[in-house]
1. Would you list the P(r) distribution for the stretch A:286-383, with all Cα-Cα distances sorted into 5 Å bins from 0 and each bin expressed as a whole %?
2. What is the extension gain from B:ASP285 to B:GLU232, computed as 0.36 nm multiplied by their sequence separation minus the C-alpha to C-alpha distance, in nm to one decimal?
3. What total accessible surface area, summed over both chains, is buried at the interface between chains B and A, computed with a 1.4 Å probe and given in Å² to the nearest 100?
4. Which value, in debye to the nearest 20, describes the size of the charge dipole of the stretch B:165-293 about its Cα centre when Lys and Arg Cβ atoms bear +1, Asp and Glu Cβ atoms bear -1, and nothing else is charged?
5. Sort B:366-372, A:13-19, A:344-350 for me by packing, meaning the mean count of neighbouring Cβ atoms within 10 Å per residue, highest on top.
6. Let a ≥ b ≥ c be the square roots of the eigenvalues of the Cα gyration tensor of the stretch B:224-307; is it rounded (a/c under 1.5), or, if not, prolate (a/b larger than b/c) or oblate?
7. Give the average, rounded to an integer, of partner chain Cβ atoms located within 10 angstrom of each Cβ in B:24-30.
8. Mind giving me the nanometre distance, one decimal, between the label points for B:GLU337 and B:THR26, set 7 Å out from Cα along Cα→Cβ?
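The values are calculated or read from the model by the stated rules, or taken from the named source; none is laboratory data. Computed from a predicted structure; not experimentally measured. A quick note on method: Cβ atoms are made from the backbone with ideal geometry, for glycine too, and the neighbour counts reach across all protein chains shown. Heads up: the accessible areas ignore ligands, DNA and RNA and are worked out on the full protein's heavy atoms, side chains in. Shrake-Rupley method; radii C 1.70, N 1.55, O 1.52, S 1.80 Å.
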Amino acid sequence: MTTIFEKIEKDKAHTHVFIIGVGKYPHLLNGEGTKLDNPMGLRQLTSPPISAKAFADWILKNLYNPDAPLGSIELLLSPAGEYVQPQDGEQFPVEGATMENIKTAFDRWYNRCNFHKNNVAIFYFCGHGLEKIVGYPLLLAEDFGKNQLRLWENAIDFNSTYLGMARCQAKTQCYFIDACRQTPSELQEIQEIRATALVHPSTSQKWGEVLKLFATHTSQKAYGLNDQITRFTDALINCLNGLGSEKQKKQWLVTTGKLGLNVTKILEKSNKEPNTPQQKPEFNGTGIGIIHVCSKPPSVPVDIALNPIEASNFAKLSLFQTGTCVSEPQLDLSSQKWKDIVLPNVYSCRTYFPLSKYCNPEDTEMWVQPPYTEEEIEVIKLV
Amino acid sequence: MSKLFLTLTGTNTISHAPVYVEILDTDLETVAELAILINNKQKIQLELGKYLIKINLPSGKVIKKVLVLEGQLNEAVLPLMSSTNQRLEWHEFIGNTYNWNTEQEISQIPSIWQRLWSYDKKNWKVERWPTKWKLTQNKIAISFSLELPPNQLQLLQIGGAEIHWRFIALPPESNCEVLVSPSVNKPDFNDINVAVTSNNREAETLLSYLISGNIRAAKVVGDWFVEKLLFEKSFNALGVTIGGYFLLKLGDDERLAKWINKFVNLIQWLPDISIIHSWFLLREDDVARVKLARSCLLEAMKQGIPVYTEGMRLLFDGLLLFNQDALARHEQDVEIEQALELIRNYATVTDWSKPIMTFYGTAPESLSLRNTGIPEKDTIGLVWLTPPTDDKWPLVQEIFSQTVESRNLSGAILSNANLIKLPEALASARKNQGVSNLAYTLSTLAEELPPDLLLPAVSAFRKNRVYTLGAFTKKLPPDSLSEALSAARKIKTEHYHAFARNAFTEKRSDSHALIDKLSKMSNKSYFAA
């Protein structure tokens, strides 16, 4: 059983989610099964099942779309195990992400998605990914390499699957692919790879609002620390939580157009942190399809730098709203930036220098918006 | 209500480019979205109050300014950007990456060359470089303009001693700007980044918004752009192409239909147009439309290579769709299979991260990911971006340059500077020894001289250094060398190099016959003949 949630009202649009997290690969390096002759350097992973569970947790706890409320979640994890519902602690046995299980769960997901034209379809994959032709990802199921004679039958041909999804009625479709996109040299020698399309494409290609969001650019790696959620999924969840939203008619909406843009901005910002590998997502999003309506305004990170930077050691900062101090940013010693997390709004930032070594005669106005706000304040050194 | 007259100012380089501007009120809600042309005053009506003006440049840079509207009339002038190098400002504006920070300068990567290819009558051929070329003195990045003939697919090929040979499709415009810089991704490695853009500010700005994924910006700028495109009488192929991709991305069937009706028959040489047409047709499940969509894809194959990477992706995906559709019906579509096979080869050597079609190979139809070095064939149009390490090349460069300068000396035929016609020019050129020498030598070097004119060419120009150079620009196959020497000794020594080159280096099927002919004949009788 992989359906961890199902609540569908007849004739109504819903959001249907399919989540795959593959960390266990028995036929790759350090795997438990018969090893593939050439595993292309691919080994066991720990982040994908954790990331997939975190994504499922977020969907169950938070996803709110009045036009398409949550209808179902299909979850496959490798290693297989139990999924504990975050709200009530109910336990669900979850099947492994073998190709057979993926196909079966996909069919259920597809049929539900196809039931109503205003449905929202969400597909999430975290695990090993490869590209034989750059830009055409292959997503590896748990049993990839089980049969050396038909090596690619247990890999998902994502591009064909995506093109096939044009057959599905669901007007809004999102694809989140948290996987590497490198081309090992071994792949270059293979003439043609016949991976599995989960739905065969047809020549009818009428699309609604679509977001394809890849954790990384073509030919690049996607990163995650051992036993932790991946960088991409972390940014994705933060953006779904509101950092990927924009305010429309007093509501904070996460849309197909904004989500990819803001996940990219967040990862690009974290790329600047020391000892962080470069990872730039790639996305292809059209339109304004609503994925999630935030129940409250998002909490937005704020970074404030003083110029000259030496002034930071002598300063004290406060954020004001209509004359009232609402927050006091704290100095991060490593970056020498003042950091805070506040609600989106227009603030006045007041900079004090108790020792009077510098001064800033005017408050600085800050319009804080998701996904983050960065401000530089010039101060004057007093002689 | 209050009127705001907003002007975004910039230098001439970016003047009149449309920029996406968002205006937010203090509730952080967007109250206006518009495309403003740089250096044009734009009137906006707003309620009195405080606003955040967010200017989203196509490069991704965002400029913010808070304005307070207090009276009936308000005016704001906001400067956009200032570049230290005006030549690079346009690239900077639309977000073409280049690397100022790396320790490697372009001048540190030796022997980078380039040449132009054009597609004519279903064949690719090397073109003469269209302008007089001088090695640039710029150390950090090389930027230059290119003038291109209308209505023809053109590729820029760039390679080097250690640089993989790549092709970059040139925009369907009469002018384009090229920027070659050390690779941003691999600054410690001898690799380069090539950015090509046209001077069509409106279309290129829209393209940049589309590529950056800022679909809101693309929609605002694109709506304005497409309205002009569909209703104005004049048009250019670049604008039509970018407009088509924009409409397809938005799924705007109504305006796509108008686009198809207006442009498809007017621009029949550009594969991108056929590809957009095909995908428009695929948006409805109608047998006749699907059949026509298939024809459009096959037509695009005949037209050459799409200029934009998006076109290549749609072509590949389209062929995949038709192939799978046939397989699902247990049928075989041979034409589609053959096309797919060809495009699959391109797909494996395409740099999908670039907006404009970029792929690797020795020739447009001879694909290879890892070819480096200096071309040995088709060197007619080759020019150097950085100085060659091999000392034979500067001389070739010099000779070509001299000939371009002396194009008027030999009369009408030479004046069009078409090297292929040089043999025809010889008759008139012989009257002027200097010109004939130059013409012969150049022809020899350019590999355009027919074999039977090679000997007189060599004789006419007795400066050994030059014709030796011409001969040795090709490598003799080792197994042919002794034979060449033997044959060459029987004729005048000074003919050896040119003869050997022509006979052997071209791997001509009639090499042996040519040796015999040349060995037997005396120079005197030959010239008499």
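1. Percent of Cα pairs in each bin: 3, 13, 23, 22, 16, 9, 5, 5, 3, 1, 1, 0.
2. Values: separation 53, 0.36 × 53 = 19.08 nm, distance 3.19 nm.
In short, 15.9 nm is gained.
3. On the way: alone 24870 and 18230 Å², together 39580 Å².
Buried area between the two chains comes out at roughly 3500 Å².
4. Numbers: 14 positive and 16 negative charges, 25 e Å.
Roughly 120 debye for the stretch B:165-293.
5. Working: B:366-372: 13.6, A:13-19: 26.0, A:344-350: 19.7.
Highest mean packing first, the order is A:13-19, A:344-350, B:366-372.
6. Working: a/c = 1.97, a/b = 1.25, b/c = 1.57.
Note, shape of the stretch B:224-307 comes out oblate.
7. Values: counts 5, 1, 3, 5, 11, 6, 3.
Per residue, the average neighbour count from other chains is 5.
8. 7.1
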